[in-house]
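See below for the structure under consideration.
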Amino acid sequence: MPSEKQQEHKDNLTQDAEEIQPDPEVTEQGEEIKEDLDQLLDEIDEILEEDSEEFVENYIQRGGQ
Amino acid sequence: MIMGTETEYGISVKNARDQDPVAASTLIVNIYKDRGPKGITWDYEQENPLVDARGFISEGESNPPDQENNSLINDILINGGRYYIDHAHPEYCTPECTNARDLVKYEKAGELILDLSRMAAEELLPANQDIIIYKNNSDYKGHSYGSHENYLMNRSIPFQDIVAGLTPFLVTRQIITGSGKVGAENGAEETDYQISQRADFFETEVGLSTMVARPIINTRDEPHADEKLYRRLHVIVGDSNMSEFTIYLKVGITSIVLKLIEMGVVGDAFKLSDPVAAIKTVSRDLSCKNPLDLDDGRRWTPIEVQRAYLELAHKHLPKADFTPVMQDVMDKWEFVLSQLEVNPMLLERHLDWVIKKNLITAYIERRGVSWSHPRVRMMDLQYHDIRPNKGLYVRLLKNGHVERILDQEEIVYAVTHPPVDTRAYFRGVCLQKYPHEIHSASWNSMIFSLDGSSLDKILMDRPHFGTQEIVGNLLRTCTASELVHAIHGSNNNF
């Protein structure tokens with residue numbers, strides 16, 4: 001959620017990018033994600049379709065809307 | 001604002017000798033059984049996709065299917081949605097919803113419906129054949145399939161105002177709504193990774209087509225409602241999204257901007273000098289900070305254009321009219337723009353294009369491979385796989401690593417229950433309660449066959465009617481025949 005500071009600046013179109021700080025909660029979550037990504041990446045070769053090159057090559061659709 | 005989405009899915013059968021997407025689509029759509037009746041047809045009489053919002057009827061043919069094919073390619077769902085075969089893709093349309101939160105719920109219920117169908121269909125196939133369904137927009141060989149949004153607007157708004165007010169918004173909202181794509185297509189400039197799945201396929205500013213030379217603003221004028229009161233704006237420029245947060249913001253902020261256009265406060269204040277070029281430039285600008293040329297000589301970044309729309313919303317929308325969902329959408333819009341300004345990668349739990357980029361970048365760093373490596377392309381595709389064990393997005397979701405808007409139970413409930421506050425309620429409940437008396441239906445019609453010899457059509461030309469509040473009692477107490485007579489007798493224009 002936006003901090004109070006950001007709320008105050010909501011109406012200011014010419015807001016300086018420097019004034020905005022990363023949301024600390026988001027940064028913390030980011031660190032957790034790194035670990036979780038590692039976990040998924042450890043398993044990724046079992047999850048991905050086996051012969052990726054051939055698979056991607058053969059995935060052909062007819063155009064839709 | 002009443003709105004809905006349509007999703008065309010990519011489909012493929014692994015280890016099948018011949019790939020026949022029409023057969024595969026037909027198999028999965030027909031095998032799906034909710035508690036609604038089978039064999040009900042779609043009422044094509046209510047449709048004319050060739051009417052152009054600019055005030056003419058385009059030449060061309062739009063032939064409805066014959067009776068047998070009609071029933072084969074259409075399923076009308078008890079949640080009020082439609083499940084059918086469009087060209088060579090299975091397509092799911094949500095029921096009409098009144099707010100962004102409900103719309104996320106019904107779009108996500110569609111993914112469950114596709115996955116239930118997939119599992120049932122695989123029972124009929126040889127053991128080594130798997131059906132693979134992608135909720136994405138491209139096969140990476142120049143064939144795109146769509147994700148469309150529909151917004152019910154006031155007919156009195158000149159179409160030109162919509163074109164002028166909406167184009168800069170649609171071109172720049174990708175920085176929030178993109179699903180991410182490895183590489184380029186359709187002759188567009190090469191790149192390792194871009195924000196949007198669809199941007200490369202847009203070649204004109206305004207037009208009727210949805211399949212070739214796609215326009216940023218689509219002019220199809222098929223309101224599926226009283227044409228004197230309403231238009232249905234058909235937005236074809238968006239990506240199919242996996243992230244609940246992304247879908248929520250996409251439809252939430254777009255409906256807010258359309259309200260601003262209805263209020264006449266946008267005008268052509270943010271007119272871009274070349275929207276068709278800009279849509280591809282924005283898609284390739286992973287910083288979201290490269291300035292775009294405005295028609296009047298100003299140069300604004302995509303974030304600045306988005307922020308300008310947000311400021312207009314703060315300034316002009318009366319606070320008293322804010323629903324909790326609208327307020328939440330505004331807060332999240334502000335939050336996302338402020339984070340994008342600092343570093344887009346901070347949104348690695350929120351936005352599809354960032355979630356995907358983060359995952360692929362980590363893989364590339366770990367393995368020391370390039371963006372064009374087949375495993376990387378496979379990851380891009382498989383991010384959109386709807387299977388719980390195979391889909392990369394679904395795996396991240398299951399591990400609690402992406403933001404949610406909803407509880408899973410709400411999504412499951414939405415598979416078999418219509419929204420209560422639009423005409424989808426009437427449609428969904430009728431299908432459940434009177435399966436033997438309904439002959440056909442469409443977005444704005446329900447046709448009953450009471451005695452087997454004649455048909456009674458109830459027109460539902462007002463999407464705000466047919467709600468639980470208005471017809472709940474009738475539907476609870478009436479037989480089909482009583483219902484038809486009560487509605488015809490009341491002069492109640494649905």
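The values are calculated or read from the model by the stated rules, or taken from the named source; none is laboratory data. Treat the numbers as computed from the prediction; the structure is a model and nothing was measured. Don't worry about glycine lacking a Cβ; one is built from the backbone with ideal geometry, like all the others, and counts go over all protein chains shown.
Please enumerate the residues belonging to the range B:314-333 that are buried (at least 21 other Cβ atoms within 10 Å of the Cβ) and either within 11 Å of chain A (Cβ to nearest Cβ) or more than 21 Å from B:C97 (Cα to Cα) (or both).
Passing the criteria: B:K332, B:W333.
Mind counting the residues in the range B:84-122 that are part of a helix (DSSP H, G or I), of a type outside the set (A, V, I, L, M) and more than 14 Å from the chain's Cα centre (by Cα)?
4
Restrict the check to the range B:389-400 and report whether at least one residue is touching a Phe, Trp or Tyr at 6+ places or on another chain (Cβ under 7 Å) and either assigned to a strand (DSSP E or B) or not hydrophobic (A, V, I, L, M, F, W, C) (or both).
Yes, some residue in the range B:389-400 is touching a Phe, Trp or Tyr at 6+ places or on another chain (Cβ under 7 Å) and either assigned to a strand (DSSP E or B) or not hydrophobic (A, V, I, L, M, F, W, C) (or both).
How many of the residues making up the range B:40-61 are loosely packed, with under 13 Cβ neighbours inside 10 Å and either touching a helix residue (DSSP H, G or I) at 6+ places or on another chain (Cβ under 9 Å) or on the phi > 0 side of the Ramachandran plot (or both)?
The total comes to 2.
If we only count helices (runs of 4 or more DSSP H) wholly inside the range B:403-494, which ones have 3 or more residues that are under 22 Å from the mean Cα position of the chain (by Cα), closer than 23 Å to B:N74 by Cβ and touching a residue at least 24 places away in the same chain (Cβ under 8 Å)?
Per the criteria, B:408-416, B:424-433.
Tell me which of these B:S449 doesn't satisfy, since it passes every other one: (1) touching a His at 6+ places or on another chain (Cβ under 7 Å); (2) exposed (fewer than 14 other Cβ atoms within 10 Å of the Cβ).
Failed condition: (2).
Please pick out the residue among B:S209, B:S179 that is farther than 21 Å from B:M1 by Cβ, without any contact (Cβ under 8 Å) to a residue 12 or more places away in the chain and not in a helix (DSSP H, G or I).
After ruling out the rest, the residue left standing is B:S209.
Say whether the condition of being touching a strand residue (DSSP E or B) at 6+ places or on another chain (Cβ under 7 Å) and surrounded by fewer than 16 Cβ atoms within 10 Å (Cβ to Cβ) is met by at least one residue in the range B:364-387.
Looking for residues that are touching a strand residue (DSSP E or B) at 6+ places or on another chain (Cβ under 7 Å) and surrounded by fewer than 16 Cβ atoms within 10 Å (Cβ to Cβ), one finds at least one in the range B:364-387, hence yes.
Just the residues that are farther than 22 Å from B:Q197 by Cβ and either modelled with pLDDT of 95 or more or not charged (D, E, K, R) (or both), please, taken from the range A:38-65.
Selection gives A:Q39, A:L41.
Go through B:A225, B:A188 for me and flag whichever is of a type in the set (G, A, S), crowded, with 23+ Cβ neighbours inside 10 Å and in a loop (DSSP other than H, G, I, E, B).
Step by step, each of B:A225, B:A188 is checked, and only B:A225 is of a type in the set (G, A, S), crowded, with 23+ Cβ neighbours inside 10 Å and in a loop (DSSP other than H, G, I, E, B).
Among the residues of the range B:361-395, count how many are in contact with a Lys or Arg (Cβ under 9 Å, 6 or more places away or on another chain) and either among the basic types (K, R) or facing another protein chain (nearest Cβ under 8 Å) (or both).
9
Condition check: in a helix (DSSP H, G or I) and either in contact with a helix residue (DSSP H, G or I) (Cβ under 9 Å, 6 or more places away or on another chain) or closer than 18 Å to B:Y248 by Cα (or both). Does B:I360 satisfy that?
So B:I360 passes the test.
Just need a number here: residues in the range B:2-23 that are at pLDDT below 95 and closer than 28 Å to B:E149 by Cβ.
Counting residues in the range B:2-23 that are at pLDDT below 95 and closer than 28 Å to B:E149 by Cβ gives 2.
Can you pull out the residues in the range B:6-50 that are among the polar types (S, T, N, Q) and in contact with a Lys or Arg (Cβ under 9 Å, 6 or more places away or on another chain)?
Correct list: B:T7, B:N30.
From the residues in the range B:350-378 that are free of Cβ contacts under 8 Å to residues at least 40 places away in the same chain and among the aliphatic types (A, V, I, L, M), which one is nearest to B:G178 (Cα to Cα)?
B:L359
Does A:D11 qualify as being at the interface with chain B (Cβ under 7 Å from one of its Cβ atoms), modelled with pLDDT under 85 and exposed (fewer than 14 other Cβ atoms within 10 Å of the Cβ)?
So A:D11 fits the description; yes.
Assess whether B:S25 counts as being surrounded by fewer than 21 Cβ atoms within 10 Å (Cβ to Cβ), within 14 Å of chain A (Cβ to nearest Cβ) and either touching a helix residue (DSSP H, G or I) at 6+ places or on another chain (Cβ under 9 Å) or not in a loop (DSSP other than H, G, I, E, B) (or both).
No, not satisfied.
Scan the range B:245-267 and give yes if some residue there is basic (K, R) and over 20 Å from B:Y151 (Cβ atoms), otherwise no.
No: the range B:245-267 contains no residue that is basic (K, R) and over 20 Å from B:Y151 (Cβ atoms).
Which one of these does B:E47 not meet: (1) at pLDDT 90 or above; (2) within 30 Å of B:P158 (Cα to Cα); (3) charged (D, E, K, R)?
(1)
Given the conditions (1) among the small types (G, A, S); (2) in a helix (DSSP H, G or I); (3) out of contact with any Phe, Trp or Tyr (no Cβ under 7 Å at 6 or more places or on another chain), which single one is not true for B:S255?
(3)
Inspect all residues belonging to the range B:474-491 and state whether any of them is loosely packed, with under 15 Cβ neighbours inside 10 Å, farther than 21 Å from B:Y83 by Cβ, β-branched (V, I, T) and at pLDDT 95 or above.
yes
Considering every residue within the range B:142-160, establish whether at least one is assigned to a helix (DSSP H, G or I), away from chain A (no Cβ under 14 Å) and more than 29 Å from B:T26 (Cα to Cα).
Yes, the conditions are met somewhere in the range B:142-160.
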